[in-house]
Amino acid sequence: NISTVIATGSPFMANFHAAKLKIFFPNLNLIQDFRDPWSQDYIYDNDTRRKKILHHERVGIENADYVVSVTAGLTERFLKDHQPFSNAKFLTIENGYDGELVQSVRIEVPRKNQIIYVGNVFAGRGKPLDEFLKAYIRAFHEKMSLPDLIFVGTRFNKVQLTSMSSVLNSKIFIEEHCSQRKAFEWIASSRFALQLNSLEYPFLVSTKVY
C-alpha cells in the first residue's frame with residue numbers, strides 16, 4: 001500500500017538503499033532529498049572510495065522521480081552531472097524558518113555596535129573565520145574603533161577568543177546554544193551580521209546552529 005518513499009541524506013547510503021528499493025518496486029514514487037553535497041566532501045581523497053561514493057550518488061539519482069536539494073547551487077550541480085542520465089525532476093527547497101517568528105522579533109534602534117555570527121565553524125568555515133580575526137587584530141593595532149564580536153553556535157576555539165578579548169580590551173561573547181528566537185534577536189540588535197562560507201563546500205550555505 002506504500003506509494004511514495006522519501007529518503008533523506010546524508011548519510012548518503014539512505015539514498016542508495018532507497019534507489020535499490022525503487023529498482024525492486026518500480027511503481028514506487030521515489031523522492032531523494034539531499035541535505036549536503038557529500039560526494040564532494042574533500043575528506044574523501046581516496047580515489048577508490050570516491051568512485052564508489054559517486055556511483056552510489058548516481059544510482060540514487062538515476063532511479064529517483066524527484067531530486068530535492070537545499071540550495072540552488074547544489075541543484076545546479078546535480079543537473080549538470082546527472083540530468084543526461086536521469087528522468088527525475090530537480091527541485092530546490094531551502095531550509096525553512098518560522099516566518100511569524102521573524103516578524104515578531106523587534107529591531108532595536110539604535111542597533112548595538114557589534115558584529116554577530118550565528119552558526120557553526122566546522123566544514124571548512126574555520127578558515128575564513130581565522131582570516132576575519134586576523135583582520136580584526138590588524139585593525140586594533142591601527143587604533144581603529146572596533147565593534148564587539150558575538151559568536152553564537154558551537155565548536156568555536158574558546159581559548160583563542162577569550163585570549164583575544166583580554167588582549168584587545170574588547171568584549172567577545174560566546175553563546176553555545178540558543179533558540180531560533182534568541183538567534184533572531186541577536187541579529188536584530190546588531191549593526192553587522194557575519195556570514196562564513198567554505199571553499200571546500202561551495203554548495204552549502206551558512207548558517208546552522210546546533
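One quarter of the convex hull surface built on the alpha carbon atoms of the stretch 1-140 amounts to 13.0 nm², the projected area averaged over directions. Which FRET efficiency, nearest 0.05, do Glu131 and Lys80 yield, Cβ-Cβ r, R0 41 Å? After rounding, the FRET efficiency stands at 0.85.
Just so you know, the averaged projected area of the alpha carbon convex hull for the stretch 80-137 sits at 8.0 nm².
Neighbours of Ala139, meaning other residues whose beta-carbon lies under 14 angstrom from its beta-carbon, give a summed charge of 0 when Lys and Arg score +1 and Asp and Glu score -1. Starting from the Cα of Arg191, step 7 Å toward the Cβ, then list every residue of the stretch 115-143 with an amide N under 13 Å from that point. Counting backbone N atoms under 13 Å from the label point, the list is 115-116. Pull out a ≥ b ≥ c, the square roots of the eigenvalues of the alpha-carbon gyration tensor of the stretch 34-105, then state rounded if a/c is under 1.5, prolate if not and a/b is larger than b/c, and oblate in the remaining case. It is oblate, given that a/c is not under 1.5 and a/b is not larger than b/c. A cut-off of 5 Å between modelled amide H atoms, ignoring neighbours fewer than 5 places along the same chain, links Ser190 with Lys112.
Each reported figure results from applying straightforward, stated rules to the coordinates on display, with no laboratory input. The structure displayed is predicted, hence computed values, not measured ones. A quick note on method: Cβ atoms are made from the backbone with ideal geometry, for glycine too, and the neighbour counts reach across all protein chains shown.
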